[in-house]
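Reading through the structure tokens given below for one structure.
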């Protein structure tokens, strides 16, 4: 038996001995997880910086550690309500019976997390699974080995392995992990890998939550205030150097405004980052392979007729051995270009034009449903109409990314961008079985519907039909 199977069996056995942990047990586990994040801040900052070859400490502390700690604190604050059974009204023809929905842990949960936010996207779902009363196994990304190793070390110090354990390893470990008979499997990553994870989980009929990606559009309406929109768009685009699953992946602008839009966003980017190569606020690309992939996207766009504008206010030259990549705008983007067919995951913003709002909606709807959609415009009625005509995992109007941060908004994809949701109570419910319970009293009219069937049965059935009208 492999170590992975032994660990899984130990967690399953432990869960069998404690199928409904008390609120005190759950709060204790959440407190220990919070300590993992808050008491090792400097070590996480250093580990992620090492893995990226340059990661802004400000981004790590805000977009990773703060978000996880806040998620845990929210769970601790609302756990009693989340655990409480849901009261369900009983229709008159079933009275005096009672009904409720109990919230029950599912068992052993598997979490497969990605490299781009190697703490936040690992521990946020773990927090939800622990709050729901489950045992958890985490497989972090092999592309961030320093961070994955630190997660394994700190988890082993804070938790028994049959409570929560981190399982590092390469792609073969990830494949074996996805094939384990978990009671729920949570995956964050690319759509292509998500399909493989879903197929592996299907062999065990394991329910899955898939947080994937796709091409998230930013639609700039004709009435958009560009002094407001440009810095908000570029702040969302350049966070983590664009290596964010909900980063705006392309911009849709009215015909005739492309050059002015490019100037506006270039100025906004220069204000956010006066320099790039030597700027500690700006994050590097995670690996040489990803850096080369992004460079190839730009070369393909140029070869197919696009104009590529690098944003380089200080006229910097890339440093030898550095993976810092200058942001770039792709003017004249179209569907023949790889940059408009693939998720970018980097500091490249293609700009596509539209003739009318109907044309813009048609362009968005012709592509797979995105994980996020951003609308910039002053007219609320127009925004509402566009949102009704498009489908996306989540939306922020007149800004980017912020729907992800709102703890009371479920976060997740739709179609090719994923299935299921988490954050806040949605995280708790993602790892919970909502078990319906019907309690029949000693005296119940149900016996009137038992066989042998006759006149009484017909009268009762006729009454039920009248009550259901």
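The values are calculated or read from the model by the stated rules, or taken from the named source; none is laboratory data. Being a predicted model, the structure only gives us computed values, none of them experimental. Cβ placement follows ideal geometry from the backbone for every residue including glycine, while neighbour counts extend to all protein chains displayed.
Observations on the structure shown:
- Scanning the range 286-305 finds no residues that are within 30 Å of residue 378 (Cα to Cα) and touching a strand residue (DSSP E or B) at 6+ places or on another chain (Cβ under 8 Å).
- Answer from 398, 334, 365 - the residue that is in contact with a helix residue (DSSP H, G or I) (Cβ under 8 Å, 6 or more places away or on another chain) and under 15 Å from residue 233 (Cα atoms): 398
- Here residue 90 passes the criteria (1) closer than 29 Å to residue 291 by Cβ; (2) without any contact (Cβ under 8 Å) to a residue 60 or more places away in the chain except the one numbered (1).
- Condition broken by residue 398, with the remaining ones in (1) surrounded by fewer than 20 Cβ atoms within 10 Å (Cβ to Cβ); (2) in the same structural domain as residue 250 (by TED's automatic domain parsing); (3) on the phi < 0 side of the Ramachandran plot satisfied: (3)
- Scanning the range 222-244 for residues that are within 14 Å of residue 372 (Cβ to Cβ) and either more than 20 Å from the chain's Cα centre (by Cα) or modelled with pLDDT under 95 (or both) gives a single hit, 232.
- Members of the range 158-172 that are part of a helix (DSSP H, G or I) and either at pLDDT below 95 or in contact with a strand residue (DSSP E or B) (Cβ under 6 Å, 6 or more places away or on another chain) (or both): 171, 172
- Scanning the range 94-120 for residues that are in a loop (DSSP other than H, G, I, E, B), within 27 Å of the chain's Cα centre (by Cα) and farther than 21 Å from residue 144 by Cβ gives 106, 107.
- For residue 151, the criteria (1) touching a helix residue (DSSP H, G or I) at 6+ places or on another chain (Cβ under 9 Å); (2) closer than 21 Å to residue 60 by Cβ; (3) surrounded by fewer than 24 Cβ atoms within 10 Å (Cβ to Cβ) hold in every case but one, which is (3).
- Screening 346, 321 for residues that are under 21 Å from the mean Cα position of the chain (by Cα) and either crowded, with 24+ Cβ neighbours inside 10 Å or more than 24 Å from residue 404 (Cβ to Cβ) (or both) leaves exactly one candidate, 346.
- Among the residues making up the range 292-318, those that are in a loop (DSSP other than H, G, I, E, B) and farther than 17 Å from residue 341 by Cβ are 311, 312, 313, 314, 315, 316, 317, 318.
- Any hit, the range 17-36, residues being loosely packed, with under 15 Cβ neighbours inside 10 Å, in contact with a helix residue (DSSP H, G or I) (Cβ under 8 Å, 6 or more places away or on another chain), part of a helix (DSSP H, G or I) and without any contact (Cβ under 8 Å) to a residue 60 or more places away in the chain: yes
- Residue count for the range 260-291, restricted to those that are in a helix (DSSP H, G or I) and in contact (Cβ under 8 Å) with a residue 60 or more places away in the chain: 4
- For the range 189-244, the set of residues classified as part of a loop (DSSP other than H, G, I, E, B), surrounded by fewer than 19 Cβ atoms within 10 Å (Cβ to Cβ) and assigned by TED's automatic domain parsing to the domain that holds residue 382 consists of 222, 223, 225, listed by residue number.
- Pairs linking a residue in the range 441-469 that is under 17 Å from residue 94 (Cβ atoms) to a residue that is at pLDDT below 90 and loosely packed, with under 10 Cβ neighbours inside 10 Å, with Cβ atoms under 7 Å and 6 or more positions apart or on different chains, are 467/92.
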